[in-house]
Amino acid sequence: MPDRLVRAGVVGVGALGRHHARVWAGAPGTALVGVHDTDPVRAAEVAGQHGCRAYPDLASLLADTDAVSVAVPTVFHHAVARQALEAGRDVLVEKPMTATLAEADDLVAFAAERGAMLQVGHIERFNPATAALLGAGRGARFVEVHRLGSFSPRSLDVDVVLDLMVHDLDIVLALDGSEPVQIEAVGVPVLTPRVDIANARLRFGSGLIANLTASRVSLEKVRKFRVFAPRTYVSADFTAREAQVFRLEEDGEAPRIVATRLGAKDQEPLKLQIEAFSRSVRNRSQPVVSGADGRRALALALAILDRMAEH
């Protein structure tokens with residue numbers, strides 16, 4: 001496939017899926033063939049914006065594509081992604097990848113069996129601030145994360161751990177590599193029947209301690225990820241798409257702190273994510289965020305929810 005366009009489709013064009021359609025329509029080496037949504041009026045609107053077709057059913061969209069973005073509500077991720085994989089299509093499924101671990105395991109195994117690309121939409125992995133954080137934060141001993149946002153009617157089919165905190169759980173897992181050995185967590189419903197604000201304190205096998213707070217009922221939007229490592233402190237701002245790195249240097253007459261600012265405010269993470277997925281489809285290469293990565297973040301998120309339930 002390296003020499004031909006990746007024919008792409010988007011399943012679910014709500015608040016997030018319509019942005020997938022926008023990016024696919026302009027991505028290099030791709031052609032947005034069409035979209036499908038349970039709301040035909042919405043599908044027609046998005047299709048009209050990008051000069052593609054609104055497909056009345058999923059099967060017909062899959063018949064005309066090589067790869068699809070799945071941006072339907074979480075409870076339908078498994079069924080839609082499974083149908084796409086069964087049709088021989090590569091799949092970019094939004095996070096959290098599925099509602100249960102059994103569903104995640106099924107997608108990972110089936111994709112491997114079919115030789116299909118399965119990427120999970122942990123978009124913060126493509127934030128320019130994350131690249132700086134992962135590069136400078138190795139050997140971290142303590143991580144402090146705040147992901148706070150105002151209330152929105154979007155994604156209310158899941159709680160705040162699966163809606164927001166799962167982004168940061170994925171990054172912590174990518175940063176450290178070891179498994180959590182102790183979990184303390186508390187969560188509170190505020191405006192919905194589900195947990196709207198949550199805090200988790202995790203201890204990993206490496207010795208890393210991570211303290212994460214997520215809220216979807218805050219007055220201000222905060223996306224901060226701080227890493228403390230020997231002789232190094234990294235402060236990443238995902239909203240600004242940049243990170244500041246402070247290092248203790250002792251190569252002169254006296255110790256000194258050297259500060260570096262890294263990032264790229266003009267790079268859209270969703271655009272980088274879809275372009276990376278398109279390259280995986282074209283080159284048959286391992287996705288940046290594989291199904292196994294998405295399953296690992298989901299498992300930790302569900303373990304945190306189980307711990308909350310005990311309280």
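Every condition in (1) assigned to a helix (DSSP H, G or I); (2) over 18 Å from the mean Cα position of the chain (by Cα); (3) not acidic (Asp, Glu) is met by GLY88 except one, and the failing one is (1).
In the set (1) farther than 20 Å from ALA79 by Cβ; (2) acidic (Asp, Glu); (3) crowded, with 17+ Cβ neighbours inside 10 Å, GLU45 fails one condition alone, (3).
In the set LEU302, LEU298, which member is in contact with a Leu (Cβ under 9 Å, 6 or more places away or on another chain), in contact (Cβ under 8 Å) with a residue 24 or more places away in the chain and surrounded by 20 or more Cβ atoms within 10 Å (Cβ to Cβ)?
Criteria check complete, one pass: LEU298.
For the criterion of being touching a Ser or Thr at 6+ places or on another chain (Cβ under 6 Å), crowded, with 24+ Cβ neighbours inside 10 Å and not aliphatic (A, V, I, L, M), HIS78 fails. For the range 236-247, does any single residue satisfy the condition of being acidic (Asp, Glu), touching a strand residue (DSSP E or B) at 6+ places or on another chain (Cβ under 9 Å) and surrounded by fewer than 12 Cβ atoms within 10 Å (Cβ to Cβ)? No, that holds for no residue. Looking at the structure I just gave you, is ASP266 outside any strand (DSSP E or B), surrounded by fewer than 12 Cβ atoms within 10 Å (Cβ to Cβ) and acidic (Asp, Glu)? Criteria met by ASP266. Only one of the numbered conditions (1) touching a Phe, Trp or Tyr at 6+ places or on another chain (Cβ under 8 Å); (2) surrounded by 21 or more Cβ atoms within 10 Å (Cβ to Cβ) is not met by ALA259, and that is (2).
Values quoted throughout were computed directly from the atomic coordinates according to the rules given, and no laboratory measurement underlies them. Worth saying up front: this structure is predicted, and the values here are computed from it rather than measured. Note that each Cβ is placed from the backbone with ideal geometry, even for glycine, and that neighbours are counted across all protein chains shown.
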